[in-house]
Amino acid sequence: MTVTISRLYDNYSDAQRAVTNLEAAGLPHSDLSIVANNSDNWYSSDKKIDRDRDGVDDRAEGAAKGAGVGAGLGGAAGLLAGLGLLAIPGLGPVVAAGWLASTALGAAAGGATGGVVGALTQAGVSEEEAPLYAEGVRRGGTMVSARVPDGDRARYEAILDQSAVNLRDRSAAWQKSGWKSYDPAAQPYGADEVRRERQLYGAGVR
């Protein structure tokens with residue numbers, strides 16, 4: 001039996017590390033998906049990654065410094081090699097790869113409702129948590145989802161849990177600020193709103 005597990009990350013780099021570690025642990029990239037907010041255009045149409053917004057591709061910076069992070073971001077095989085720019089209903093502009101993004105886009109193209117929330121719930125994520133993951137991405141986060149054998153769930157969850165957001169605590173903080181529930185028809189967050197959200201939770205650069 002296969003189950004779907006998901007986690008939210010404030011930083012793309014943490015999500016990228018989780019994906020790399022899952023693949024290293026033996027999970028095929030065909031069973032992985034990543035969806036990252038791109039309202040601040042940190043990932044450009046020419047596939048340049050500029051998390052620190054200095055105008056220079058981070059992969060080039062990493063190579064110049066002899067750092068491994070450059071290769072980790074840009075030279076990765078597997079799931080991360082297939083990153084692309086998309087617009088997912090309810091989330092706005094995102095950088096995504098894998099089965100979840102394909103399912104969400106396919107549902108939207110076919111006129112189905114639900115978008116990424118529907119894709120998550122169809123894959124087995126609870127109806128309580130799926131909208132929270134979508135809201136987290138809308139606010140600037142990155143979501144990683146994995147389809148794993150039920151017997152190996154604990155092992156893969158331990159990998160995903162590293163640097164992941166506590167979803168219940170985060171949603172409680174949103175509610176204290178007046179948030180009620182995820183609204184797929186709401187206006188996507190703009191770059192300034194995403195930056196404020198990231199500063200609020202001390203996320204720093206991507």
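Some observations on this one:
- Residue match in the range 125-136 (condition: at pLDDT 95 or above, within 17 Å of LEU32 (Cβ to Cβ) and part of a helix (DSSP H, G or I)): yes
- Selected residue (criterion: surrounded by the fewest Cβ atoms within 10 Å (Cβ to Cβ)) from residues of the range 92-115 that are part of a helix (DSSP H, G or I) and at pLDDT 85 or above: TRP99
- Taking the range 150-172 as the range and being in contact (Cβ under 8 Å) with a residue 12 or more places away in the chain and of a type in the set (A, V, I, L, M, F, W, C) as the test, the residues that pass are ILE159, LEU160, ALA164, VAL165, LEU167.
- Given (1) without any contact (Cβ under 8 Å) to a residue 12 or more places away in the chain; (2) more than 18 Å from the chain's Cα centre (by Cα); (3) outside any loop (DSSP other than H, G, I, E, B), number of the condition GLN187 does not satisfy: (3)
One line per residue, one yes/no per condition, for (1) within 20 Å of ARG195 (Cα to Cα); (2) touching a residue at least 24 places away in the same chain (Cβ under 8 Å); (3) among the β-branched types (Val, Ile, Thr):
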position: SER6; (1), (2), (3): no, yes, no
position: TYR9; (1), (2), (3): yes, yes, no
position: TYR12; (1), (2), (3): yes, yes, no
position: LEU32; (1), (2), (3): no, yes, no
position: VAL35; (1), (2), (3): yes, yes, yes
position: ASN38; (1), (2), (3): yes, yes, no
position: ASN41; (1), (2), (3): yes, yes, no
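- For the condition modelled with pLDDT of 90 or more, touching a Lys or Arg at 6+ places or on another chain (Cβ under 8 Å) and closer than 29 Å to ALA186 by Cα, SER13 qualifies.
- The number of residues in the range 23-44 being surrounded by fewer than 23 Cβ atoms within 10 Å (Cβ to Cβ) and either small (Gly, Ala, Ser) or within 17 Å of TRP99 (Cα to Cα) (or both) comes to 11.
- Residues satisfying the stated conditions in the range 138-155, i.e. surrounded by fewer than 24 Cβ atoms within 10 Å (Cβ to Cβ) and assigned to a helix (DSSP H, G or I): ASP150, GLY151, ASP152, ARG153, ALA154, ARG155
- Entry remark, the range 158-176: residues being under 16 Å from the mean Cα position of the chain (by Cα), over 19 Å from ASN37 (Cβ atoms) and part of a helix (DSSP H, G or I) number 2 in total.
- Residue identified as within 23 Å of ALA18 (Cβ to Cβ), touching a helix residue (DSSP H, G or I) at 6+ places or on another chain (Cβ under 7 Å) and surrounded by 13 or more Cβ atoms within 10 Å (Cβ to Cβ) among VAL165, VAL194: VAL165
The values are calculated or read from the model by the stated rules, or taken from the named source; none is laboratory data. In this text the structure is predicted, and so the values were computed from the model without any measurement. For neighbour counting, all protein chains shown are included, and Cβ atoms are generated from backbone atoms with ideal geometry for every residue, glycine included.
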